[in-house]
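The values are calculated or read from the model by the stated rules, or taken from the named source; none is laboratory data. Quick caveat: nothing in here was measured; it's all calculated off a predicted structure. Positions of Cβ are backbone-derived with ideal geometry, glycine not excepted, and every protein chain shown enters the neighbour counts.
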Amino acid sequence: MSEPKKKSSGKKIIVKVVVCLLFGLGLAVGIPKLIQARQAGLRAACMNHLIQIDGAKHQWALEHKKTDADVPTREDIKPYIVGSIELKCPAGGSYTIGKIGELPSCSITNHSLQ
């Protein structure tokens, strides 16, 4: 009886190398896209917070007959935020509430309502 032919071990190595290269290529393309998507999500969440802060400022101003030059504190607007929570930038920035007539801002570049 004859023995069955064994596959060449050289072909197995080439297949493994090709699979590793394709996996590496997938990571090289995919990781930057994941980072960009995460940053876009953090920016969107921050902008949502800024919109809530701006709305809370205006509600506070209307209820307390304030002018565009008045500046509310965090405690002043807290009751007008959904859930009465203190909003924090998910990317680690800090918010400036500012005057009623101005948009609130975040310390992180590109996190703004302008």
**Request:** Taking only region 69-80 into account, find how many residues are closer than 15 Å to residue 95 by Cβ and surrounded by 15 or more Cβ atoms within 10 Å (Cβ to Cβ).
**Result:** 5
**Message:** Looking at region 93-114, can you tell me whether even one residue there is in a helix (DSSP H, G or I) and either of a type in the set (Lys, Arg) or more than 27 Å from residue 36 (Cα to Cα) (or both)?
**Reply:** no
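For (1) touching a Phe, Trp or Tyr at 6+ places or on another chain (Cβ under 9 Å); (2) loosely packed, with under 10 Cβ neighbours inside 10 Å; (3) in contact (Cβ under 8 Å) with a residue 24 or more places away in the chain; (4) not acidic (Asp, Glu), each residue gets a yes or a no:
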site	(1), (2), (3), (4)
32	no, no, no, yes
47	no, no, yes, yes
64	no, no, no, yes
67	no, yes, yes, yes
82	no, yes, yes, yes
**Prompt:** Any residue at all in region 93-109 that is surrounded by 11 or more Cβ atoms within 10 Å (Cβ to Cβ), on the phi > 0 side of the Ramachandran plot and modelled with pLDDT of 85 or more?
**Reply:** yes
**residue 65 being among the charged types (D, E, K, R), assigned to a helix (DSSP H, G or I) and out of contact with any Pro (no Cβ under 9 Å at 6 or more places or on another chain)** = no
**Fill in**
If you go through 33, 11, the only one that is at pLDDT below 85, over 30 Å from residue 98 (Cβ atoms) and among the basic types (Lys, Arg) is 11
**Complete:** Scanning region 56-92 residue by residue, the ones that are at pLDDT below 95 and within 23 Å of the chain's Cα centre (by Cα) total 14
